[in-house]
Structures are given as structure tokens and as C-alpha cells.
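**Q** I have a structure I would like to understand better, so I am pasting it below and will then ask my questions one at a time.
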Amino acid sequence: MNGYSAEAWTDFAVATAGASAALAGLVFVAVSLNLRVILDDTHLPGRAAQTLVLLAVPLFLALVVLVPGQGEVALAVELVVIGLVAGWVLVRLALPRRRAPQQPVPAWLVTAWAPATAVLVAPVVAGLGVATGTVGGLYWLPAAVLLALLGGLGNAWALLVEILR
């Protein structure tokens, strides 16, 4: 029953927390260095916010898994809340009208829409699974983490390299 016990996910959570915290911190610094260029564009501030949220969500997911002695119901509620709140923010930031005209649709799908959907759905399903002992429980978290990091890194590349071209 490893999908329903947080203790079995400690190594995954520690690795996720370390990686996402480092990436979010580096992007935060990099965005602050390019802040004038980002603020002068209509679409880039939202993309910067989306990037930081995408890189912070895996950290939050990992931290709630790492809370010692926490019951399944508390973990389930935390996962659902993270999924709903972060997912709502990311879906709003990923709406088609927020896509920059120069961003190709496939890139937008990979860096904005797919991660927003994964961050909304996967933690909610994981939380419901932990609470009910069904649907795989915590095995949904790697999908959210992977897509959030993929989207965050894709956006980070655009914010740090592509805007200076």
C-alpha cells in the first residue's frame, strides 16, 4: 500500500523539495535581474508568475508529504487544497488570451496548459485517493511534479534567454 502511506514517499519528497526550491530560487533571482524587460512586456509578467508557481508547487507538495506523524485525512486535505489553489491560479494564467502571439501553440501547451491541468488534477486525485484508499493515492504526485518542473523550466528558458534575443 505504498501509494497511501506518506512514509514510503520520504525520499521522493526530499529530492523534490530540494530540486524545486533550488530552481524556484534561481528563477526568482533571474527574473529580478531581468525585471525591467519583463515588466515592459504585456505577457511576460504573467509568464513569470506562472513560472514561479510551477516551480514552487512541487516544493509545497513535497513539504506536506514530509510532515511527520501526519494522518491520512490531513494529508489528503492539504493535497486537495494545494491542487485547487495552485491549479486555479495556473489555469487562469494559462488561458489562451494570455498566450503571447510570438509563443507557438505547441510550446504554450507544453509550458502552460498541460502543467496547469496536471497541477489542478493530480494532487486533488492523490488527496482523494489517500483519503479513500483508492485510485493510486500518492502515485499521482510524480505526474504533477514532472509536468510542473517541465513547464517551469520551459518558461524559465524563455524568460531568461529568449527575451534577450
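No lab work stands behind these numbers, since they all come straight from the coordinates. Here the structure is a predicted model, which means the values were calculated and not measured. Here Cβ is always computed from backbone atoms with ideal geometry, including for glycine, and neighbour counts include all displayed protein chains.
**Q** Can you say whether A107 is farther than 22 Å from P142 by Cβ and in contact (Cβ under 8 Å) with a residue 40 or more places away in the chain, as far as the supplied structure shows?
**A** On the way: farther than 22 Å from P142 by Cβ: yes; in contact (Cβ under 8 Å) with a residue 40 or more places away in the chain: yes.
In short, yes.
**Q** I need every pair where a residue in region 59-81 that is without any contact (Cβ under 8 Å) to a residue 24 or more places away in the chain has its Cβ under 6 Å from the Cβ of a residue that is crowded, with 20+ Cβ neighbours inside 10 Å and part of a helix (DSSP H, G or I), sequence separation at least 6 or different chains.
**A** Qualifying pairs under 6 Å: V64/E78.
**Q** Still on this structure, please answer the following. Which of the following residues is touching a residue at least 24 places away in the same chain (Cβ under 8 Å) and over 22 Å from A8 (Cα atoms): A126, A116?
**A** Details: A126 fails: over 22 Å from A8 (Cα atoms).
On inspection, the qualifying residue turns out to be A116.
**Q** Residues in region 27-41: is at least one in contact with a helix residue (DSSP H, G or I) (Cβ under 6 Å, 6 or more places away or on another chain), touching a residue at least 40 places away in the same chain (Cβ under 8 Å) and surrounded by fewer than 14 Cβ atoms within 10 Å (Cβ to Cβ)?
**A** Scanning region 27-41, I find at least one residue that is in contact with a helix residue (DSSP H, G or I) (Cβ under 6 Å, 6 or more places away or on another chain), touching a residue at least 40 places away in the same chain (Cβ under 8 Å) and surrounded by fewer than 14 Cβ atoms within 10 Å (Cβ to Cβ), so the answer is yes.
**Q** On to the next question. Filter region 1-40 down to the residues that are over 30 Å from T134 (Cβ atoms) and in a loop (DSSP other than H, G, I, E, B) and list them by number.
**A** Narrowing region 1-40 to residues over 30 Å from T134 (Cβ atoms): 18, 21-40.
Across region 1-40, the qualifying residues are N34, D40.
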